[in-house]
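Structure record follows, encoded as structure tokens.
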């Protein structure tokens, strides 16, 4: 058996909006049996593919959202709303927009900034006295910020454990080690430092 393949003619020149890929093949197979005349058979095949943007947009299959994707979208939306609540409530407290910031008493325990005064006793003036009069009320309210939104921040930060679960289950394409280090550092700050050291929370 012998096979000869004829080269296909060059396709027509394409335009920028329309690209037509055409391939054709012509195969001739010749078989000789004994003294009989050769038997010729021709096989012709052609394939054309439309690759224009209009064609692809019309024939694009609609994608369906799975339950995992819907859950991740809802998780991200709720997380963004939670941090937006913390941010705006911090501004409301510092600028006393609701009139309730002045009613929160100042912490009685020693703050972290007071340790700096002990280290540098030559500086008799406090940090508040060094600020302009317009910034002194903001500084006093900043000392009671944690008393107002500290628990909400701790709970919201603790929910970041779900990010590790998402990576572990393969729902999010991320490194498990990196995500675990990031989340554990946040939990250590809110539970191991702020909650366990009142001096830190009193200076927030």
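Nothing in this text is a laboratory measurement; each read-out follows from the coordinates by a stated rule. Just so we're clear, the structure is a prediction, and the values are computed from it rather than from any experiment. We place every Cβ from the backbone using ideal geometry, glycine too, and count neighbours over all the protein chains shown.
Arrange the following residues from fewest to most other Cβ atoms within 10 Å of their Cβ: 180, 91, 78. Each step should come with its number before you reach the end.
Values: 180 15, 91 9, 78 12.
With the fewest neighbours first, 180, 91, 78 line up as 91, 78, 180.
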Check: Just the Cα atoms of the stretch 67-202, one point each, no solvent: what log10 I(q)/I(0) does Debye give at q = 0.11 Å⁻¹?
Finding: -0.57
Item checked: Exposure proxy ranking, count of Cβ atoms within 10 Å, fewest first, for 141, 186 -> 186, 141
Note to self: Taking the Cα centroid of the stretch 134-171 and of the stretch 61-93, what is the distance between the two, rounded to the nearest whole Å?
What the structure shows: 16
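What number, in percent, do you get for the relative contact order of the stretch 67-202 if the mean sequence gap of Cα pairs under 8 Å and at least 6 apart is divided by its residue count?
On the way: 81 pairs, mean separation 41.6, N = 136.
Rounded, it is 31 percent for the stretch 67-202.
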